[in-house]
Amino acid sequence: MARPLLRETESGRVQGRALLVRDEVALAWLGVPYAAPAAGAGRFAPPQPHPGWAGVRDATRPAPDVLQPLDPSVTLRPSAEGSLVVNIWAPAAPGPHPVLVWFHGGAFRAGSGRLYDGREYAARRGVVVVTVNSRLGPLGYADFAGLFGDERFAVNAGYLDQRAALGWVARNVAAFGGDPARVTVAGESAGAVSVNLLLRDPAARGLFAGAAAQSGGVNQMSERDNSVELAAAYARALGVTAATRDRLWTLPASAFVRSLHRLEQVRSRRLNSRPTLDGAVLPGSVAELLARPAAPVPLLAGANRDEYALFVKLPDRVFPRTDRALLARVLTASAGPERAAAVLAAYPDDPDGLVALGTDLFFHAANDALLRAHPAPAFRYRFDWGTRFFDLGAAHGLELLFLWPSPMGLSSGVLRGGNGAARAQLADAMQASWARFIHCGHPGRTGPRGRRTGRRSRGSTWTA
């Protein structure tokens with residue numbers, strides 16, 4: 001099992017390793033660069049081709065996560081600036097196999113492809129899995145170009161990284177047993193937002209043949225006036241003005257993490273890292289984005305039954321719209337006062353009503369609109385199995401615990417609870433369903449269902 005596994009990429013050779021998965025074998029190449037490190041002079045530049053390396057690059061262990069705060073719900077591993085890499089898991093059998101390209105969640109501020117271990121899909125489902133690291137937080141999404149009128153700053157650098165990774169997969173995945181004509185892009189939360197952007201991005205057309213979006217729509221965008229306001233807040237936190245903006249290239253990387261923490265204190269009721277609708281990389285407004293035709297590829301999209309419980313029961317600085325008055329303002333802005341009042345009247349003014357309102361407003365309604373407008377076969381799922389941890393139910397991110405081994409780092413085991421037979425059976429069924437979608441564009445039917453509880457009036461929760 002220790003023999004070197006050499007593969008040739010466009011930038012050089014990489015050595016992977018074999019992994020035993022029950023009675024099967026998966027092959028892994030970890031921390032493989034898809035672009036040059038985004039550091040130094042390239043800190044704010046669009047992703048650039050990697051200059052390559054001599055000899056064989058060790059790809060047997062993960063690279064550092066991209067720069068981000070330490071977060072026990074996402075990752076506690078130290079991070080480093082500019083680590084633009086993918087992790088690849090492949091079946092041991094010769095290909096070509098279908099490919100899953102996975103974009104992690106984390107509100108565009110934290111997360112890592114390393115947390116989504118693809119060995120099970122590779123060994124047991126015949127899928128090549130590629131997980132992506134891209135720039136996050138102010139280095140990925142602060143609109144310094146709009147603030148300073150300076151084209152040296154890329155707009156949406158983190159999204160450009162993701163698009164570059166997808167292009168790298170198209171050119172290189174065959175070397176790892178993948179079929180570049182059968183690529184499915186998928187992601188959860190912020191990663192699902194990225195999938196929905198890629199579906200409407202002409203520059204990504206033809207790079208994938210299927211898409212799966214879990215718990216994310218297109219409602220984490222920032223229009224240009226908002227993005228400039230946010231960039232100005234970052235500049236103040238960094239102690240930078242228009243006259244001294246060149247300091248942004250020489251500040252230590254840790255200053256950008258501190259600036260994110262600062263904004264999450266003074267702008268605690270807002271999302272502080274999100275893509276900009278700039279009119280160049282992305283359309284100039286949500287209306288323009290939705291007017292673009294989506295790529296005509298099969299789409300699997302859905303959300304969890306109690307998504308918003310995570311933000312109500314465990315409020316934090318990432319998605320803090322957790323009171324009814326704020327949700328009412330969001331709803332009124334989009335639906336008008338009369339329709340908003342009618343909708344609000346249908347939701348009790350209590351914690352369960354708040355969870356239901358936030359879940360429907362930000363997740364289910366957004367997914368339904370995108371699915372109805374999709375120009376190709378589209379499949380909707382709802383995940384109902386819940387956890388008793390803090391009475392969260394089927395909260396945001398819980399489905400990940402059934403699709404991946406430890407997607408929430410140290411939190412995974414606590415949230416998942418014991419390894420019950422019903423839970424294992426549901427995990428196997430979900431993984432099989434997602435794998436069918438990756439193989440043939442149709443998920444089949446999921447199951448089985450677990451024990452019911454009538455904790456909320458909106459339906460049953462499958463409870464740990």
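Brief remarks follow.
- Any hit, segment 126-142, residues being of a type in the set (A, V, I, L, M), closer than 22 Å to Ala28 by Cα and either open to solvent by 20 Å² or more (accessible area, probe 1.4 Å) or touching a Lys or Arg at 6+ places or on another chain (Cβ under 7 Å) (or both): no
- Only a single item in (1) under 20 Å from Met221 (Cβ atoms); (2) within 22 Å of the chain's Cα centre (by Cα); (3) open to solvent by less than 40 Å² (accessible area, probe 1.4 Å) is not met by Ala335, and it is number (2).
- Residues that are under 30 Å from Val155 (Cβ atoms) and surrounded by fewer than 15 Cβ atoms within 10 Å (Cβ to Cβ) within segment 1-52 comprise Glu10, Gly40, Ala41, Gln48, Pro49, Pro51, Gly52, listed in sequence order.
- Test: Leu67 is in contact with a helix residue (DSSP H, G or I) (Cβ under 6 Å, 6 or more places away or on another chain) and either free of Cβ contacts under 8 Å to residues at least 24 places away in the same chain or of a type outside the set (Val, Ile, Thr) (or both): yes
- Strands (runs of 3 or more DSSP E) (entirely within segment 1-73) containing at least 1 residues that are under 17 Å from Phe176 (Cβ atoms) and among the hydroxyl-bearing types (Ser, Thr, Tyr): 5-9
- Lone qualifier among Ala90, Ala174 - being touching a residue at least 40 places away in the same chain (Cβ under 8 Å) and buried (at least 23 other Cβ atoms within 10 Å of the Cβ): Ala90
- Qualifying residue in segment 63-73 (condition: under 17 Å from Asn133 (Cβ atoms), buried (at least 21 other Cβ atoms within 10 Å of the Cβ), of a type in the set (A, V, I, L, M, F, W, C) and modelled with pLDDT of 95 or more): no
- Residue in segment 357-376 that is outside any helix (DSSP H, G or I), of a type outside the set (Val, Ile, Thr) and surrounded by 13 or more Cβ atoms within 10 Å (Cβ to Cβ) present: yes
- Count of segment 251-284 residues which are under 25 Å from Leu326 (Cα atoms), open to solvent by 30 Å² or more (accessible area, probe 1.4 Å) and part of a helix (DSSP H, G or I): 4
- A single entry from Ala165, Ala237 fulfils the requirement of being among the hydrophobic types (A, V, I, L, M, F, W, C), touching a residue at least 60 places away in the same chain (Cβ under 8 Å) and farther than 25 Å from Leu371 by Cα: Ala165.
- A count restricted to segment 339-356 and to residues that are open to solvent by 20 Å² or more (accessible area, probe 1.4 Å) and among the β-branched types (Val, Ile, Thr) stands at 1.
The values are calculated or read from the model by the stated rules, or taken from the named source; none is laboratory data. Worth saying up front: this structure is predicted, and the values here are computed from it rather than measured. Because the Cβ atoms are built from the backbone with ideal geometry, glycine has one as well, and the counts that use them run over all protein chains shown. The protein model used for the area step is the full one, side chains on, heavy atoms only, and it has no ligands, DNA or RNA in it. Shrake-Rupley method; radii C 1.70, N 1.55, O 1.52, S 1.80 Å.
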